[in-house]
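Colleague: Pasting a structure here, questions to come.
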Amino acid sequence: MPLSADGPVATHLAEQPAEAREALSRIVDRVLELVPEVGQTVSYGLPTLTYRGKSLLSAVAAKRHLALYPHSGQVVELVAPDLAGFSLSKGTIRFSAAQPIPDAVLDRIIELRRAAIDDALGPDR
């Protein structure tokens with residue numbers, strides 16, 4: 001399911017130079033494949049993909065890098081061993097178009113975050 005063209009995530013992507021837009025769109029496209037029922041909002045000032053009403057992740061362009069925010073320090077901690085050479089902080093993975101997050105790690109981030117939301121909300125909420 002495509003995102004609304006006038007939503008915050010789509011708007012952020014449209015505002016980026018081609019290289020950044022392509023790198024960020026790759027993440028958004030993968031989320032849409034793995035979690036097709038996502039929405040979009042602004043959370044903590046970031047254009048954010050949502051799942052079941054909760055922040056799933058944000059993929060944004062900053063001045064000097066691209067960043068993925070899985071809205072969970074635990075997710076970053078769990079995938080950190082697979083991200084040697086990337087700049088990480090508690091809730092942020094910094095990358096570039098030239099050094100994207102590897103596909104397998106990206107999938108794991110998405111799946112871990114979705115599972116955390118499902119576990120927090122339970123199956124019937």
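Colleague: Do any chymotrypsin sites (Phe, Trp or Tyr not before Pro) in the stretch 18-90 lie in a DSSP loop with no more than 14 other beta carbon atoms within 10 Å, and if so, which?
Modeller: The qualifying sites are 44.
Colleague: Considering all projection directions equally, how large on average is the shadow of the alpha-carbon convex hull of the chain, in square nanometres?
Modeller: Projected over every direction and averaged, the Cα hull of the chain covers 7.4 nm².
Colleague: Divide by every residue of the chain the summed helix terms, -39500 (n - 2.57) for each DSSP H run of at least 4, and state the resulting mean residue ellipticity at 222 nm, rounded to the nearest 500 deg cm²/dmol.
Modeller: Computed ellipticity for the chain at 222 nm equals -12500 deg cm²/dmol.
Colleague: Can you give the local net charge around residue 60? Use residues other than it whose beta-carbon is closer than 15 angstrom to its beta-carbon, Lys and Arg +1, Asp and Glu -1.
Modeller: Combined, the nearby Lys, Arg, Asp and Glu give +2.
Colleague: Okay, next question. Near residue 26, within a Cβ-to-Cβ distance under 15 Å, what is the net charge of the other residues, with Lys and Arg +1 and Asp and Glu -1?
Modeller: That works out to -4.
Colleague: I'd like the distance between the alpha-carbon centres of the stretch 68-104 and the stretch 11-64, rounded to an integer number of Å.
Modeller: 15
We did not get these values from a lab; they are worked out from the coordinates using the rules stated. A quick note: this is a predicted structure, and the numbers were derived from the prediction, not measured. No Cβ is skipped: glycine too gets one built from the backbone with ideal geometry, and neighbour counts run over all protein chains shown.
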